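Here the structure is laid out as structure tokens; the discussion comes afterwards.
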Amino acid sequence: MGLQEDFDEHAVLAKTLKECTNDNLLILYGLFKQATVGPVNTSCPGIFSMRERAKWNAWKAVEAKSKEEAMSDYITKVKQLKEEEAAAASS
């Protein structure tokens, strides 16, 4: 399976995460945007748009990564979160 197919599969898996912290959701968001759009191409949202600003900052934090690096890191993060979820469910 190629990287793009693996990424697409894990993007679907990410939507099934049940208990994911905001920090982890922001990490996934930033990596997803970097993998699908590339470097940040919008201006920073205003200070009163806290949710949008947090998402923008998460994307900005990973903009130095290549598309392939972002895809690989996204896949790794989703696998980690799914494993944590499975471990929590079995205990």
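The values are calculated or read from the model by the stated rules, or taken from the named source; none is laboratory data. Keep in mind the model is a prediction, meaning the values are calculated, not measured. Note that we place each Cβ from the backbone using ideal geometry, even for glycine, and neighbour counts take in every protein chain shown. Side chains included, ligands, DNA and RNA excluded: accessible areas come from the protein's heavy atoms. Shrake-Rupley method; radii C 1.70, N 1.55, O 1.52, S 1.80 Å.
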Spatial separation of Cα centroids for segment 1-23 and segment 50-73, in angstrom: 15 Å
Restricting to aspartates and glutamates and to Cα separations under 19 Å from Lys77, and discarding same-chain partners fewer than 8 apart, the set is Glu5, Asp6, Asp8, Glu9, Glu19, Asp23, Glu63, Glu68, Glu69, Glu85
Vicinal HN-Hα couplings computed from phi for segment 38-46 (Karplus, 6.51 cos²θ - 1.76 cosθ + 1.60; Hz; Gly/Pro x): x, x, 3, 10, 10, 7, 5, x, x
Would you mind computing, in nm to one decimal, how far apart the modelled labels at Glu69 and Leu3 are, each placed 7 Å from Cα along Cα→Cβ? 1.1 nm
On a 0 to 90 degree scale, rounded to 10, what angle separates helix 22-36 from the longest Cα axis of the chain? 70 degrees
How large is the dipole of segment 47-91 about the Cα centre if only Lys and Arg carry +1 and Asp and Glu carry -1, each at its Cβ, rounded to the nearest 20 debye? 220 debye
Put +1 on the Cβ of every Lys and Arg and -1 on every Asp and Glu Cβ in the chain; which of Gln34, Ala58, Gln4 then has its Cα farthest towards the positive end of the dipole? Ala58
How far apart, in nm, are the 7 Å Cα→Cβ label points at Ala89 and Thr76? 2.5 nm
Accessible area per residue, Å², the chain with all protein chains present, probe 1.4 Å: 66 Å²
Rounded to the angstrom and largest first, Cα extents along the principal axes for segment 25-91 equal 44, 30, 14
So what are the ³J(HN,Hα) numbers for segment 57-74, from phi and the Karplus equation (6.51, -1.76, 1.60; θ = phi - 60°), rounded to whole Hz, Gly and Pro as x? 4, 5, 5, 4, 5, 10, 5, 7, 6, 6, 4, 5, 4, 5, 4, 4, 5, 4
So the carbon and sulfur contribution to the accessible area of the chain, 1.4 Å probe, in percent, is 55 percent
Assigned charges on the beta-carbon of Lys, Arg, Asp, Glu; the chain dipole about Cα centre (debye): 420 debye
